[in-house]
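The values are calculated or read from the model by the stated rules, or taken from the named source; none is laboratory data. From a predicted model like this one, the values you see are computed outputs, not experimental measurements. Cβ sites come from the backbone with ideal geometry, for glycine too, and all protein chains shown count toward neighbours.
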Amino acid sequence: MPRIISIVNQKGGVGKTTTAVNLAAYLANMGKFVLLVDLDPQGNASSGIGIDYRSIAKGIYDPLVSETSIKDIIVPSKVDGLSVAPATADLAGARIDLVDLELREFRLHNNVLEVRNDYEYIIIDCPPSLCLLTVNGLVASEEVLIPVQTEYYAMEGLSQLMNTISLVKDSLKPELKILGALMTMYDTKSKLSGDVFNELYKFFPDKIFRTVIPRNVKLAEAPSFGKSILHYDKHSSGSRAYKRLAQEVVAQENS
């Protein structure tokens, strides 16, 4: 059985897509077969791993709203072992198109069932909102990873996110669990980063990753080259951090 992990935070700019892309790349680098599902209409996970989603005829939108098989839209990336179910511009309309469909919350879940034996990890990059696409990501997942930026407004909306996860768990996916909260854009010189960590500990007393993702220019540059940080600058502090995160995630396989 694969591990299916959704990366979720309705607040934008917290490193959600950066985490999805780089965790997927490092898991593949560790010899795992990985599928990265780009559920964000912005398509940043697709472009960030080198997929030109604007030139693709079909993406994850199609199996979500039609009888198209997810197998028909998955494309290989330039990273060995890493495939992508890309976003296309059509995905922006999925929030409306899904509303009247039968079992609308289970559309992604049912598609993932088709391919889950082909992968060891399925990483889902959810959009920065608590919409029907995000609910689909949560229902399709077994675990949730929550990136939290170490800044003043980081905790804003976290209660709402946890409430949404609880509702999905109670009514749609009882086995869904929190994999952990991940501190991103951490500045060791900032007292504020430490304050946010202390507040986050109140939400997740035993569910905070030991790995902390630092503020790093190379992490910000890598997506513009269509590369993960592993393939852009593997010696950077950001790369070392995501390598540790992947190791930490894999170490939980048998825990």
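Matching residues to (1) of a type in the set (A, V, I, L, M, F, W, C); (2) assigned to a loop (DSSP other than H, G, I, E, B); (3) surrounded by fewer than 20 Cβ atoms within 10 Å (Cβ to Cβ):
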position	(1), (2), (3)
Ala24	yes, no, no
Ser46	no, no, no
Ile51	yes, yes, no
Glu67	no, yes, yes
Arg107	no, no, no
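Is at least one residue of the range 222-232 in contact (Cβ under 8 Å) with a residue 24 or more places away in the chain, of a type outside the set (S, T, N, Q), surrounded by 13 or more Cβ atoms within 10 Å (Cβ to Cβ) and part of a loop (DSSP other than H, G, I, E, B)? Scanning the range 222-232, I find at least one residue that is in contact (Cβ under 8 Å) with a residue 24 or more places away in the chain, of a type outside the set (S, T, N, Q), surrounded by 13 or more Cβ atoms within 10 Å (Cβ to Cβ) and part of a loop (DSSP other than H, G, I, E, B), so the answer is yes. Checking the stated criteria, Val112 turns out to be at pLDDT 95 or above, among the aliphatic types (A, V, I, L, M), in contact with a strand residue (DSSP E or B) (Cβ under 7 Å, 6 or more places away or on another chain) and in a helix (DSSP H, G or I).
For the structure I just gave you, tell me whether Lys11 is modelled with pLDDT under 95 and surrounded by fewer than 24 Cβ atoms within 10 Å (Cβ to Cβ). Answer is yes for this residue.
For the range 116-159, the set of residues classified as in a helix (DSSP H, G or I), farther than 14 Å from Val37 by Cα and of a type in the set (Ser, Thr, Tyr) consists of Ser159 only. Name the residues in the range 117-131 that are farther than 17 Å from Lys169 by Cβ, among the aliphatic types (A, V, I, L, M) and surrounded by fewer than 24 Cβ atoms within 10 Å (Cβ to Cβ), would you? Scanning the range 117-131 gives no hits.
For the range 84-105, the candidate set comprises residues that are buried (at least 21 other Cβ atoms within 10 Å of the Cβ) and either at pLDDT below 90 or not aliphatic (A, V, I, L, M) (or both); within that set, the residue that is nearest to Lys169 (Cα to Cα) is Ala94.
Please indicate, with yes or no, whether at least one residue in the range 187-194 is of a type in the set (A, V, I, L, M) and outside any strand (DSSP E or B). Checking the range 187-194: at least one residue is of a type in the set (A, V, I, L, M) and outside any strand (DSSP E or B). The residue list Val196, Val212, Val217, Val144 contains one member that is modelled with pLDDT of 90 or more and either surrounded by 21 or more Cβ atoms within 10 Å (Cβ to Cβ) or in contact with a Ser or Thr (Cβ under 6 Å, 6 or more places away or on another chain) (or both), which is Val144. The selection criterion, being outside any helix (DSSP H, G or I) and either among the β-branched types (Val, Ile, Thr) or at negative phi (or both), does not hold for Ile96.
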